[in-house]
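*Asks:* Here it is, the structure in full.
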Ligand code: FAD
């Protein structure tokens with residue numbers, strides 16, 4: 001099923017994100033974890049794409065398995081900046097053959113090698129270029145794209161970032177998923193600005209449950225997200241006790257999600273990181289909310 005059709009439902013929905021194995025060695029354990037997450041029957045499961053494309057086949061395999069063995073809609077991520085047009089074309093054809101209907105079209109991060117080379121020599125410079133190529137293949141794929149409530153780190157300012165976001169939507173992105181954030185007010189502020197700018201497609205807030213104290217530093221480094229004092233206190237207080245930290249992190253993420261639903265957001269995406277227990281606990285916390293309409 002195309003995600004754009006799922007997002008039209010008038011009910012609270014939850015989707016989960018998983019990542020593919022890096023090598024053959026952990027393929028089975030990752031597949032099992034992703035199957036357990038799919039068994040929770042979220043609205044869809046997204047499968048990330050390894051930076052640089054090294055695990056592209058695994059992304060496809062895991063996305064196909066979720067769809068075929070569990071009957072759950074899957075979304076395969078694809079990055080373009082370190083690829084050629086021919087490679088991207090091959091990957092898109094493989095996705096089409098595998099029956100994947102949804103693609104999260106991304107630029108990918110710039111590697112040190114790319115930063116030293118001439119951008120004019122790259123086949124793809126921005127996600128917009130990839131989205132345009134996917135659209136050239138027809139309407140078989142529903143396309144999602146990324147957005148950044150706290151501004152993409154390469155952007156000069158938020159106005160420019162939103163201007164380029166609008167170009168992504170005009171090129172064919174049908175829905176947007178946000179980078180993680182820990183303060184919902186930053187999301188509401190961003191939502192107001194993009195709607196003002198004329199971006200009307202559905203937007204899925206991305207929530208990352210932090211369940212280990214040592215996840216915090218990495219999460220901030222990768223996302224540049226602001227950590228509210230309320231969250232910092234929680235990590236300071238419970239960080240040395242793994243069970244307490246996990247429970248508190250799940251509660252914090254749940255609280256963010258409930259606030260989003262209460263403010264009229266229908267679909268939330270959880271960066272569940274191949275952790276079925278965390279995904280399941282959040283879903284349990286929302287058991288009397290999910291699938292219902294509160295208009
Ligand atoms: P773009 O939309 O191309 O934007 C990148 C920067 O270029 C922005 O600053 C933008 O404002 C600017 N820009 C865009 N167009 C123009 C233009 N015409 N002129 C000048 N500037 C322009 N990475 C992975 O490797 N694998 C994944 O699976 C993955 N999944 C992700 C999922 C989500 C929901 C998010 C939020 C991020 C994900 N990422 C993933 C990270 C992503 O690849 C990086 O954030 C990357 O640096 C930017 O990708 P993008 O598609 O947002 O880029």
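Here, each number is a calculation from the coordinates, and none is a lab measurement. Keep in mind it's a predicted model, so treat the numbers as computed, not measured. Heads up, the Cβs are rebuilt from the backbone with ideal geometry, glycines too, and the neighbour counts pull from every protein chain shown.
*Asks:* For every helix of n ≥ 4 consecutive DSSP H residues, a contribution of -39,500 (n - 2.57) applies; sum these over the chain, divide by its total residues, and give [θ] at 222 nm rounded to the nearest 500 deg cm²/dmol.
*Replies:* Only helices count here, giving -14500 deg cm²/dmol.
*Asks:* Along its three principal axes, how long is the stretch 205-295 when you only count alpha carbons? Whole Å, largest extent first please.
*Replies:* Reported extents, whole Å, longest axis first: 40, 25, 23.
*Asks:* With r defined as the distance between the Cβ atoms of residue 125 and residue 222 and R0 fixed at 30 Å, what FRET efficiency is calculated, to the nearest 0.05?
*Replies:* It comes to 0.85.
*Asks:* Sticking with this one: Only Cα pairs within less than 10 Å get springs; with that Gaussian network setup on the chain, which residue of 186, 176, 92 has the largest fluctuation?
*Replies:* 186
*Asks:* With only alpha-carbon pairs counted, each pair once and no self-pairs, how large is the Kirkwood hydrodynamic radius of the stretch 93-163 in angstroms? Show your work: numbers first, answer last.
*Replies:* Numbers: mean 1/r = 0.0708 Å⁻¹.
When all Cα pairs of the stretch 93-163 are included, the Kirkwood radius is 14.1 Å.
*Asks:* If you take every DSSP beta bridge fully contained in the stretch 3-285, what fraction is antiparallel? Give it as a percent rounded to 5.
*Replies:* Just about 0 percent of them are antiparallel.
*Asks:* Using the alpha carbon gyration tensor of the chain, what are the three equivalent-ellipsoid semi-axes (square root of 5 times each eigenvalue), largest first, in whole Å?
*Replies:* Values: eigenvalues 155, 100, 85 Å².
Over the Cα atoms of the chain, the ellipsoid semi-axes are 28, 22, 21 Å.
*Asks:* Now for a separate question. Note down the nm distance, to one decimal, between modelled labels 7 Å out along Cα→Cβ at residue 277 and at residue 8.
*Replies:* A separation of 4.1 nm, rounded to one decimal place.
*Asks:* I've got another one for you. May I ask you to compute the full-extension gain from residue 232 to residue 85, defined as 0.36 nm times their residue separation minus their alpha-carbon distance, rounded to one decimal in nm?
*Replies:* 48.5 nm
*Asks:* Also: Order the peptides 58-64, 84-90 from the highest to the lowest mean number of other Cβ atoms within 10 Å of their residues.
*Replies:* Order by mean packing, descending: 58-64, 84-90.
*Asks:* State, as an integer percentage, the relative contact order of the stretch 132-174 based on alpha-carbon contacts under 8 Å between residues 6 or more apart.
*Replies:* 54 percent
*Asks:* Next question, about the same structure. Once the Cβ-Cβ distance between residue 111 and residue 247 is put in as r, and R0 is 35 Å, what FRET efficiency do you end up with, to the nearest 0.05?
*Replies:* Once the sixth-power term is evaluated, E becomes 0.40.
*Asks:* Please give, to one decimal in nm, the separation of the simple spin-label points placed at residue 28 and residue 193, each 7 Å out from Cα toward the Cβ.
*Replies:* Label at residue 28, label at residue 193, 4.9 nm between them.
*Asks:* Pick from 29, 117, 272: which is most flexible by mean-square fluctuation in a GNM of the chain where alpha carbon atoms under 10 Å apart are linked?
*Replies:* Among 29, 117, 272, the largest GNM mean-square fluctuation belongs to 117.
*Asks:* Send over the per residue convex hull volume for the stretch 118-233, Cα only, as a whole number of Å³.
*Replies:* Details: hull volume 15.2 nm³, N = 116.
Normalising the Cα hull of the stretch 118-233 by residue number yields 131 Å³.
*Asks:* Among 142, 80, rank each residue by its count of other Cβ atoms within 10 Å, from fewest to most, as a rough exposure measure.
*Replies:* The fewest-first ordering by Cβ neighbours comes to 142, 80.
*Asks:* Okay, next question. Which parts of the stretch 170-197 would a label at residue 263 reach, counting a residue when its backbone N lies under 20 Å from a point 7 Å out along Cα-to-Cβ?
*Replies:* Label zone hits: 176-197.
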